[in-house]
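Contents: one structure, followed by commentary.
The values are calculated or read from the model by the stated rules, or taken from the named source; none is laboratory data. Everything numeric here is computed off the predicted structure, so don't read it as measured data. Positions of Cβ are backbone-derived with ideal geometry, glycine not excepted, and every protein chain shown enters the neighbour counts. Side chains included, ligands, DNA and RNA excluded: accessible areas come from the protein's heavy atoms. Shrake-Rupley method; radii C 1.70, N 1.55, O 1.52, S 1.80 Å.
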Amino acid sequence: MALGAVFHGFFNRISFLTPWLIFAMLLVTYCRISAREVRFTRFHWGLLTLQLGGGVLLYLLLAPVNGVLAQGVFMCSFIPTAMAATTIGGMLGADVATMASFCLLSNMGVAVAAPVLFALIGAHPEYSFLRSLTLILWRVVPLLILPFVCAVALDRFLPRWHEAVRRRQIVSFWLWAVSLTIVMGRTVEFLVHQPRAHYGMEIAMALLALVVCLTQFAVGRTVGRRYGDTVAGGQSLGQKNTVLAIWMAQTWLDPLASVAPAAYVVWQNIVNSIQLWRYKGAGKV
């Protein structure tokens, strides 16, 4: 994050790489998931409803106050679960298979809902709804769905390649790190060259992102407790694919809205750090 902020000019110039990096990151991570182990339960559908419905509700509540603020907070809830959540969840004692299934469902849900919602609330009034929908479908759906299709195809037709990718999951971390650096650079570049200062708005988005972050972890844990896996619920609902969120906000919404998911990066990592510290100290979170 610091690297992207300091060298924002350079990373802004290579921001066109972001969707390709996200695609590769999802492909590597999906190779860790066996399609035969994916099972969707009431637990998963309930979390998906909270994820998508919560984002829409937050937007409707905040849109009368400020449209850009509403877009930013909307992204903090709507965006899918980070695949890294399975790693953190596993370290905290969650059922990894349960979380992996929800990560897949979460991404598929966003792939279906994002084109319609972005076309309705996006910051491109010069486009008709149909044109906006077509453009977003063309870029979002392949980005989120094709990596899973490719992973399944590798498993079916090139199992040795699939196994090689599955064993090198550290690659997804470095792809995530590079992607985060680039999107942070693009965010800072926009903030530095914004036509007029929006410091009050940016602070409000950062604070609301904190509220949404804590609420999602808490609600997810509450739901997870009902289904026997508190940690899986909290991580599934609280830990977001913020790289994807920032890129989507910068591409389809008002670029200023990307400040909220950028702040969410900080908040969710603080929450996870505290949870890991408590787990190592007391054996539970």
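Identify all residues within segment 202-216 that are crowded, with 17+ Cβ neighbours inside 10 Å and not acidic (D, E); write none if there are none.
A204, M205, A206, L208, A209, L210, V212, C213, Q216, listed by residue number.
Go through segment 19-45 and report how many residues are modelled with pLDDT under 90 and of a type in the set (S, T, N, Q).
Selection size over segment 19-45: 2.
All but one of (1) surrounded by fewer than 13 Cβ atoms within 10 Å (Cβ to Cβ); (2) free of Cβ contacts under 8 Å to residues at least 40 places away in the same chain hold for A35; state the number of the condition that does not hold.
All conditions pass for A35, except number (2).
Considering V265, V231, V223, V219, which residue is crowded, with 24+ Cβ neighbours inside 10 Å and not hydroxyl-bearing (S, T, Y)? Spell out how you get there, then give the answer.
Numbers: V265 fails: crowded, with 24+ Cβ neighbours inside 10 Å; V223 fails: crowded, with 24+ Cβ neighbours inside 10 Å; V219 fails: crowded, with 24+ Cβ neighbours inside 10 Å.
None of the other options fit; the residue is V231.
All but one of (1) aliphatic (A, V, I, L, M); (2) open to solvent by 10 Å² or more (accessible area, probe 1.4 Å); (3) under 22 Å from M25 (Cβ atoms) hold for V192, so report the exception by its number.
(3)
Taking into account only those residues within segment 39-95 that are open to solvent by 10 Å² or more (accessible area, probe 1.4 Å) and β-branched (V, I, T), which is nearest to M248 (Cα to Cα)?
V68
Return the residues of segment 160-177 that are open to solvent by 50 Å² or more (accessible area, probe 1.4 Å), assigned to a helix (DSSP H, G or I) and modelled with pLDDT under 90; say none if nothing qualifies. Please lay out each step first, then the result.
Step one: of segment 160-177, the residues open to solvent by 50 Å² or more (accessible area, probe 1.4 Å) are 160-161, 163, 166-168, 170-171, 173-174, 176.
Next, from what is left, pick out any that are assigned to a helix (DSSP H, G or I): 160-161, 163, 166, 170-171, 173-174, 176.
Across segment 160-177, the qualifying residues are R166, I170, V171, F173, W174, W176.
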